[in-house]
Amino acid sequence: MSTLKELTWDAHKRAEKTNIMRELLTDTISASLYCDLVYTKYLIYATIERRIKFENACVRRAQAAFNDWQRMKDSMPRCMSYLDAYVDHLEAIPETQLWAHVYVHYLAPLYGGQIIKKKIEHRLPVSLYEFEDPVGAIAEIRSHLTPDLAAEANMAFESTITYYNNLWEQHRTS
């Protein structure tokens with residue numbers, strides 16, 4: 001039987017190859033793009049955290065993302081209407097399926113996010129990537145993951161790729 005990681009590998013790799021990820025990993029992301037990216041993450045985390053009450057408080061990311069955004073903002077985020085349908089989806093699906101989105105959005109800062117943190121922490125706020133109990137956070141998340149979440153997790157990756165590309169394009173053309 002395949003694992004959730006194996007069943008989402010292709011989508012995960014496509015997400016890692018977006019322009020935003022490339023700029024994060026090379027520390028070339030502009031402060032304004034990072035600011036808007038953190039705000040989109042706040043919207044996603046806040047939506048998920050209204051529905052799932054994590055046992056381990058350090059799993060929660062909404063406040064950390066909001067704090068990072070507050071440290072940077074010089075204006076309200078740009079129009080992010082492309083994110084509305086995704087947030088609506090997060091609000092509508094059963095909680096069991098919501099864990100697929102937790103897999104995509106919460107394990108990322110625990111793993112690859114630690115690389116990003118090291119690259120950008122000298123100039124951008126990174127509390128989003130700071131965890132008091134990363135082992136406990138990972139264990140709580142993994143305890144809810146099963147291979148039958150693959151279709152929903154792939155959808156979460158595709159939605160992430162879409163909003164990353166839209167956000168990057170907004171900043172590239174401004």
### Task
With θ set to phi - 60°, apply the Karplus curve 6.51 cos²θ - 1.76 cosθ + 1.60 along the range 51-62 and write out the HN-Hα couplings as whole Hz, x wherever there is a Gly or Pro.
9, 10, 9, 5, 5, 8, 4, 6, 5, 4, 10, 4
### Query
Straight-line reach from residue 117: which lysines have a Cα under 17 Å away, not including same-chain ones fewer than 8 places off?
41
### Task
Give the label of the value calculated from the structure for mean projected area of the Cα convex hull in nm², choosing from [x] 9.5; [y] 11.6; [z] 12.5.
[x]
### Summary
For the range 138-151, Karplus-derived ³J(HN,Hα) couplings (6.51, -1.76, 1.60; θ = phi - 60°; whole Hz; x for glycine and proline) come out as 4, 4, 4, 4, 4, 5, 10, 9, 9, x, 5, 8, 4, 4
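Apply 1/(1 + (r/R0)^6) to the Cβ-Cβ distance of residue 135 and residue 63, taking R0 = 22 Å, and write down the FRET efficiency to the nearest 0.05.
Values: r = 21 Å, r/R0 = 0.94.
According to the calculation, E is roughly 0.60.
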### Query
Mind checking the dipole of the chain: about its Cα centre, +1 per Lys or Arg Cβ, -1 per Asp or Glu Cβ, Debye to the nearest 20?
460
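For a quick protection proxy, order the peptides 38-46, 15-23 by their average other-Cβ count within 10 Å, most packed first. Mind showing how you got there, number by number?
On the way: 38-46: 22.2, 15-23: 17.0.
Listed from highest to lowest mean packing, they are 38-46, 15-23.
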### Task
Between residue 93 and residue 16, with labels modelled 7 Å along Cα→Cβ, what's the label distance in nm to one decimal, could you check?
2.2
## Note on the structure
Going from the fewest other Cβ atoms within 10 Å to the most, one would list 84, 27, 68 as 84, 27, 68
### Query
Where Lys and Arg each count +1 and Asp and Glu each count -1, what net charge lies around residue 95 among other residues with Cβ under 13 Å from its Cβ?
0
## Note on the structure
Residue-ordered couplings for the range 85-95, obtained by feeding phi - 60° into the Karplus form 6.51 cos²θ - 1.76 cosθ + 1.60 and rounding to whole Hz (Gly and Pro as x), are 5, 5, 4, 4, 4, 4, 6, 9, 6, x, 4
## Note on the structure
Yeah, the range 64-144 with a ≥ b ≥ c from its alpha-carbon gyration tensor (a/c under 1.5 is rounded, else prolate when a/b outruns b/c, oblate otherwise) is oblate
### Message
Under the rule a/c < 1.5 gives rounded, and otherwise a/b versus b/c splits prolate from oblate, where does the range 1-61 land using the Cα gyration tensor?
### Response
oblate
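Readers should treat all values here as calculations from the given coordinates under stated rules, not as data from a laboratory. Note that the structure is predicted; figures quoted are calculated from it, not measured. Counting neighbours? That spans all protein chains shown, and the Cβs are built from the backbone with ideal geometry, glycine included.
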